[in-house]
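In what follows, a structure is listed as structure tokens, so that the remarks can point back to it.
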């Protein structure tokens with residue numbers, strides 16, 4: 001359809017979809033803030049997101065006739081969360097050990113009696129899928145563990161915990177960048193960024209999102225009292241401004257290959273949990289390592 005008649009026909013559906021999206025956001029934001037406030041809650045929330053993300057990802061792959069192994073994938077993804085969660089208590093980074101065991105055990109799983117015609121493919125998908133979700137999301141656990149004292153920002157009266165401030169930084173950057181890219185692209189977008197993978201993305205939207213990402217990172221320093229320089233914050237914002245859209249396009253590639261629109265329907269109006277985490281999967285690790293560098297040089 002085209003023109004005013006199409007807009008009129010679509011408006012009830014769009015209004016209903018917007019209502020569902022706003023209702024979901026109203027519920028999710030307080031829950032996410034609470035999860036970031038306490039360390040144990042952060043670990044629990046990340047572990048739940050890892051499990052749900054792997055379940056959704058493997059379900060998508062199975063729709064395409066592929067055969068990732070859910071049990072081994074969940075075990076490896078959650079093991080990667082555990083290595084991050086246990087680091088402050090053991091003083092060791094055993095991520096490499098978890099990856100080593102993961103390679104061997106997911107491969108050995110394919111030795112069990114079954115039709116081995118797709119064993120190599122199944123092993124590769126199981127291992128990479130678990131690492132894609134589990135390893136990248138574990139960065140949020142590591143961010144929550146950063147214990148460098150804050151500088152008493154404008155929001156200091158709220159008593160935001162040290163590690164939680166870094167979590168809120170990456171969430172704010174990602175969400176504001178995504179929103180800015182959407183609205184700028186919708187109003188000014190003329191040049192498609194990835195016409196096959198995501199036809200609605202434009203370079204104008206990317207530029208708007210990048211600017212918003214940098215400004216958000218800069219504003220977070222005085223607001224949260226982050227102990228990094230403005231230069232470091234700007235660089236972190238710029239890196240996240242690139243990582244976020246790449247994470248989105250990465251998930252779009254997976255869905256496009258299989259031929260599905262959404263990763264699931266867990267969140268009303270938003271699709272599946274992977275549809276909400278795709279940018280965060282990339283921005284989380286990028287911000288984490290950017291923060292480490294920023295702390296080292298600030």
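The values are calculated or read from the model by the stated rules, or taken from the named source; none is laboratory data. Everything quoted here is computed from the prediction, not taken from an experiment. In this analysis, Cβ positions are derived from the backbone assuming ideal geometry, glycine residues included, and neighbour counts consider all displayed protein chains.
Data for the structure
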quantity: Filter result for residue 103 (in a helix (DSSP H, G or I) and more than 24 Å from residue 279 (Cβ to Cβ)); calculated: yes
quantity: Members of region 185-205 found to be within 14 Å of residue 244 (Cβ to Cβ) and in contact with a helix residue (DSSP H, G or I) (Cβ under 6 Å, 6 or more places away or on another chain), listed by number; calculated: 185, 193, 194, 198, 205
quantity: Qualifying residue in region 146-161 (condition: out of contact with any helix residue (DSSP H, G or I) (no Cβ under 9 Å at 6 or more places or on another chain), over 30 Å from residue 248 (Cα atoms) and touching a residue at least 40 places away in the same chain (Cβ under 8 Å)); calculated: yes
quantity: Residue 129, sole failed condition from (1) in contact (Cβ under 8 Å) with a residue 24 or more places away in the chain; (2) under 18 Å from residue 217 (Cα atoms); calculated: (2)
quantity: Among the residues listed as 242, 231, the single one being over 30 Å from residue 60 (Cα atoms), modelled with pLDDT of 95 or more and assigned by TED's automatic domain parsing to the domain that holds residue 172; calculated: 231
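Results for (1) surrounded by 20 or more Cβ atoms within 10 Å (Cβ to Cβ); (2) touching a residue at least 40 places away in the same chain (Cβ under 8 Å); (3) more than 20 Å from the chain's Cα centre (by Cα), shown as yes or no for each residue.
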residue: 44; (1), (2), (3): no, no, no
residue: 49; (1), (2), (3): yes, yes, no
residue: 53; (1), (2), (3): yes, yes, no
residue: 58; (1), (2), (3): yes, yes, no
residue: 72; (1), (2), (3): yes, yes, yes
residue: 77; (1), (2), (3): yes, yes, no
residue: 81; (1), (2), (3): yes, yes, no
residue: 89; (1), (2), (3): no, no, yes
residue: 95; (1), (2), (3): no, yes, no
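Condition check ((1) surrounded by 19 or more Cβ atoms within 10 Å (Cβ to Cβ); (2) within 17 Å of residue 176 (Cβ to Cβ)) across all residues:
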| residue | (1), (2) |
| --- | --- |
| 198 | no, no |
| 220 | yes, yes |
| 223 | no, yes |
| 230 | no, no |
| 242 | no, yes |
| 259 | no, no |
| 281 | yes, no |
| 290 | yes, yes |
| 294 | yes, no |
